[in-house]
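Structure first, then comments.
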Amino acid sequence: MTKNDLIVQVSEVSNLTRIQATAAVEATFDLMTKALKAGDEVKIVGFGTFTVANRAAREGRNPRTGEAVHIPASKAPKFSAGKGLKDAVNR
C-alpha cells in the first residue's frame, strides 16, 4: 500500500473528500514526525509504538576498496508492533 492508496481508502471509509483525506493523512504523519524529532515516542494502542534509537559512531569498510570509513552517530526510527496488529496479521 502506498501513501496515495492510503489516502484513497481513508477517503472512501470516512466519507471525506480526497482533499480532506490527504490533509488528515499528512497531518497525522507530520505530527508523528514532530513527536519523534522531539524525542518522544508515539504509541498507538493496538497497532504499535514508534521510537527513536540512537546509533553510535563506528568504523565501517568501503566495499569497493576495503578502506576504513568513519560512520558518524545518528538516530533511526524504530517500530514495534503491538499485540493487536500481531494478532490481526497472524489470523
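Summary of values
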| read-out | value |
| --- | --- |
| Cross-chain or 6+ apart pairs with Cβ under 9 Å, the range 69-91 first and within 30 Å of residue 59 (Cβ to Cβ) and assigned by TED's automatic domain parsing to the domain that holds residue 57, then part of a loop (DSSP other than H, G, I, E, B) and of a type in the set (Phe, Trp, Tyr) | none |
| Given (1) loosely packed, with under 11 Cβ neighbours inside 10 Å; (2) in contact with a helix residue (DSSP H, G or I) (Cβ under 9 Å, 6 or more places away or on another chain); (3) not assigned by TED's automatic domain parsing to the domain that holds residue 86, index of the condition residue 45 fails | (3) |
| Single residue of the range 31-65 satisfying the filter (part of a strand (DSSP E or B) and β-branched (Val, Ile, Thr)) that is farthest from residue 76 (Cα to Cα) | 44 |
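Residue-by-condition table, conditions (1) in contact with a helix residue (DSSP H, G or I) (Cβ under 7 Å, 6 or more places away or on another chain); (2) touching a residue at least 40 places away in the same chain (Cβ under 8 Å); (3) aliphatic (A, V, I, L, M); (4) surrounded by fewer than 12 Cβ atoms within 10 Å (Cβ to Cβ):
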site: 7; (1), (2), (3), (4): yes, no, yes, no
site: 10; (1), (2), (3), (4): yes, no, yes, no
site: 18; (1), (2), (3), (4): yes, no, no, no
site: 22; (1), (2), (3), (4): yes, no, no, no
site: 36; (1), (2), (3), (4): no, yes, yes, no
site: 39; (1), (2), (3), (4): no, no, no, yes
site: 53; (1), (2), (3), (4): no, no, yes, yes
site: 58; (1), (2), (3), (4): no, no, no, yes
site: 66; (1), (2), (3), (4): no, no, no, yes
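The values are calculated or read from the model by the stated rules, or taken from the named source; none is laboratory data. Here the structure is a predicted model, which means the values were calculated and not measured. All Cβ positions, glycine included, derive from the backbone under ideal geometry; neighbour counts span all protein chains shown.
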